[in-house]
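The values are calculated or read from the model by the stated rules, or taken from the named source; none is laboratory data. Every value quoted in this text rests on a predicted model; they were computed, and no experiment measured them. Quick reminder, even Gly has a Cβ in these numbers, built from the backbone with ideal geometry, and neighbours come from all protein chains shown.
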Amino acid sequence: MRMTLLAAVAAACCLQPLAANAQAAQPLSQVVEGVMRETGARGLAVAVIEDGRVVDVQAHGDRNAAGDPLGTDTIMYAASLTKTAFAYMVMQLVDEGVVDLDRSIADYLPRPLTDYGSDEIEDRYARYSDLAGDERWRELTPRILLTHRSGFANFGFLEPDGKLKLHFDPGSRYGYSGEGIILLQFVLEQGLGLDVGAEMRRRVFDRLGMGRTAMMWRPDFAANLADGWTMEGEVVPHDERSRVRAAGSMDTTIADVAKLAAGVVGGEGLSPAARAEMMRAQAPITTRSQFPTLQPELAPADQRPGLAAGLGVIRFEGPQGPGFFKGGHDDFVGNTWVCIERGRRCVVILADDVRAEAGFPRIVRAVLGDTGTPWTWEYGDNPLLP
């Protein structure tokens, strides 16, 4: 997956970045269409939020190989943007006193985590019995899991032996892990008896009027659905996901995810304290890039100042002050979401073609100006990135 993302950025070698003032003078639609021409991307959708309100939603290009148009109501795969939506839901539970961010997950579960083997739980979860003999799992808390400091690889099935393991002490450092997010889902479901899919619908999608968003496939999505394109230009059919996975099963539209961004940046449904806690710099990020997930930490002098894990988001400091972002990727879609706290301004991008990622910095800069978004950390080192 990460090689695909780096290739997407490398493909930007054909782009000639515009000066900031030239970009600002250009209508957003022209910037988007220019990115699509120069990257070869087939479909790209963008939303703009100003002062916590959606002010523009656009869709350009195709949603499938037949050339059917991508619309603002076309179902697209959100990928890891799901993690931010999940964290937003969890913070509502924190507000209500249902979840304590700093309580051990052992206190929530009716049995030790290591008692849960593959013969007892659905295959959407890891085999937690793999952790038998390593009592460090008891140090895991909702805060540690939401800030990607669990110690797990991205997913347990990616381990050479296919077994889940802790690579470092929980809470000691950042290491991106979808497995940690899935574990928190497991804790909410097994320990608190919550249906995460139903909670997401009630607390997030219904609350914000996201009528064409779900954590699992819905048959009504089929009539207006986006497929995806790989770096090689191959079409990949949209996956009809049959399981709720807090790390990345959400289907949505650009119109709906714009409402989500507006809700999160504006703190809809959260107390001011919970909203501030979600965006607060929880722990420094000490690696050169996000992937590979278990790479060595940089020396303190080489670390990026102000780059830190929030709860379900990445916090950064830039020329306009603090901001936060979240990306979402696989081999055939690319998404990003960048917000500046000052003015509650955001850009959300969903692309049904992974090649579009090479132009994301250009689109964000066209709308928000110089933000200081850590593109090289997100996509790897490349001299063309700001």
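Annotations
- Taking region 28-66 as the range and being more than 13 Å from D353 (Cβ to Cβ) and among the charged types (D, E, K, R) as the test, the residues that pass are E33, E50, D51, R53, D56.
For (1) closer than 21 Å to V54 by Cα; (2) free of Cβ contacts under 8 Å to residues at least 60 places away in the same chain; (3) buried (at least 18 other Cβ atoms within 10 Å of the Cβ), each residue gets a yes or a no:
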position: M216; (1), (2), (3): no, yes, no
position: V235; (1), (2), (3): no, no, no
position: R243; (1), (2), (3): no, no, no
position: A246; (1), (2), (3): no, no, yes
position: S249; (1), (2), (3): no, no, yes
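- Listed by first and then second residue, the pairs with beta-carbon distance under 8 Å, at least 6 apart or on different chains, first residue in region 105-129 and under 16 Å from G193 (Cβ atoms) and touching a residue at least 24 places away in the same chain (Cβ under 8 Å), second hydroxyl-bearing (S, T, Y) and not in a loop (DSSP other than H, G, I, E, B), are Y116/Y128; Y116/S129; I121/Y128.
- A126 being among the small types (G, A, S) and not in a loop (DSSP other than H, G, I, E, B): no
- Qualifying positions in region 129-148 - within 19 Å of F86 (Cβ to Cβ) and not in a loop (DSSP other than H, G, I, E, B): P142, R143, I144, L145, L146
- Residue that is out of contact with any helix residue (DSSP H, G or I) (no Cβ under 8 Å at 6 or more places or on another chain) and not acidic (D, E), where the choices are G180, G266: G266
- When region 259-289 is limited to residues that are basic (K, R) and assigned to a loop (DSSP other than H, G, I, E, B), the one that is farthest from L311 (Cα to Cα) turns out to be R288.
- On the stretch given as region 282-308, residues that are at pLDDT 95 or above, out of contact with any Lys or Arg (no Cβ under 7 Å at 6 or more places or on another chain) and hydrophobic (A, V, I, L, M, F, W, C) total 4.
So that you can scan it fast, the table gives a plain yes or no per residue for (1) at pLDDT 95 or above; (2) closer than 30 Å to I75 by Cβ:
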site: D119; (1), (2): no, no
site: A126; (1), (2): no, yes
site: E139; (1), (2): yes, no
site: G171; (1), (2): yes, no
site: S177; (1), (2): yes, yes
site: M200; (1), (2): yes, yes
site: R207; (1), (2): yes, yes
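- Residue match in region 219-232 (condition: of a type in the set (S, T, N, Q) and closer than 20 Å to V90 by Cα): no
- In summary, helices (runs of 4 or more DSSP H) completely within region 20-120 and bearing 2 or more residues that are among the hydroxyl-bearing types (S, T, Y) occur at 28-39, 81-95.
- Listed here are the strands (runs of 3 or more DSSP E) enclosed by region 296-355 that have at least 1 residues being of a type in the set (S, T, N, Q) and surrounded by 19 or more Cβ atoms within 10 Å (Cβ to Cβ): 334-340.
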